[in-house]
Amino acid sequence: MNQRSTPLSLVVLISGNGSNLQAIIDAIAHGELPAHIRAVISNRRDAYGLQRAQQAGIPAVTVEHQQYRGDRQGFDQALMRHIDHYQPDLVVLAGFMRILTPDFVRHYRHRLLNIHPSLLPAYTGLNTHQQALDAGATAHGASVHYVTEELDGGPVISQARVAIHTNDTATTLAQRVQHQEHSLYPQTLALIAKGRITIDNHDHIFIDGNRLEQPLDCTRELP
Ligand code: GRF
């Protein structure tokens, strides 16, 4: 096993509230995640997560996609320049609501993670909670995965599950899924930071040197 001795350096990309960012900040502060957030970058200047970053003393940067109207490549190039300035080990997408270009994804191959609110491969894209309800599903959840060029299609590291109740709405379901996300993302990052999770050139994920055949179940016990 390849134990890391230095904290994992992260750049976190957000577009909005940043509750997952907050969970990562808190896990680092509580000594549960041996990592250091070098910067938080938002594509929207009004993202509340930028305030969370500032309160935690983390550089908060805005790269507005609106300045690159119609020029996806230009926006991603600017984003890359900002990210690479901080030389992170990992780029952490936490509610970053932009589809990234293939060049961007390739540039950060195996260093780009996302959290998606469904048990992938189910319900890719948007409105996943409503998609689960419409499908009559009984279980739902969230997944942390490496990002590849296929939307929400990269190798899944870990998942957390919630049961769907008969009276659930997209809002109540989203709340329970987010509660799970807030332990799922820091826990998964901690496994990577400790060198326990690795990925090879064939996109196979390993935990403690053993091939991961299915996503790790990191479901948080309800109180
Ligand atoms: C989360 O539900 C995450 O799964 C999705 O976007 C949401 C971000 O929420 N990718 P927050 O900004 O972290 O509160």
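Only the coordinates and a few stated rules stand behind these numbers; no lab work does. Please read these numbers as outputs of a predicted model, since none were measured by experiment. Heads up, the Cβs are rebuilt from the backbone with ideal geometry, glycines too, and the neighbour counts pull from every protein chain shown.
Looking only at residues in the stretch 47-59 that are buried (at least 21 other Cβ atoms within 10 Å of the Cβ) and small (G, A, S), the one that is farthest from the ligand (Cβ to nearest atom) is A53.
When you scan the stretch 126-146, do you find a residue that is of a type outside the set (G, A, S), within 13 Å of the ligand (Cβ to nearest atom), in contact with a strand residue (DSSP E or B) (Cβ under 8 Å, 6 or more places away or on another chain) and assigned to a loop (DSSP other than H, G, I, E, B), even just one? No, every residue in the stretch 126-146 fails to be of a type outside the set (G, A, S), within 13 Å of the ligand (Cβ to nearest atom), in contact with a strand residue (DSSP E or B) (Cβ under 8 Å, 6 or more places away or on another chain) and assigned to a loop (DSSP other than H, G, I, E, B). Among residues of the stretch 201-223 that are more than 13 Å from T188 (Cα to Cα), those with a beta-carbon under 8 Å from a residue that is of a type in the set (F, W, Y) at least six positions away or on a different chain give the pairs D203/Y146; L212/F206.
So which residues in the stretch 18-46 are basic (K, R), within 16 Å of the ligand (Cβ to nearest atom) and buried (at least 17 other Cβ atoms within 10 Å of the Cβ)?
Of everything in the stretch 18-46, just one residue is basic (K, R), within 16 Å of the ligand (Cβ to nearest atom) and buried (at least 17 other Cβ atoms within 10 Å of the Cβ), namely R44.
Test T172 against the criterion of being free of Cβ contacts under 8 Å to residues at least 60 places away in the same chain, assigned to a loop (DSSP other than H, G, I, E, B) and among the β-branched types (V, I, T), and give yes or no. Outline the logic, then answer.
Working: free of Cβ contacts under 8 Å to residues at least 60 places away in the same chain: yes; assigned to a loop (DSSP other than H, G, I, E, B): no; among the β-branched types (V, I, T): yes.
Considered against the rule, which asks whether it is free of Cβ contacts under 8 Å to residues at least 60 places away in the same chain, assigned to a loop (DSSP other than H, G, I, E, B) and among the β-branched types (V, I, T), T172 comes out as no.
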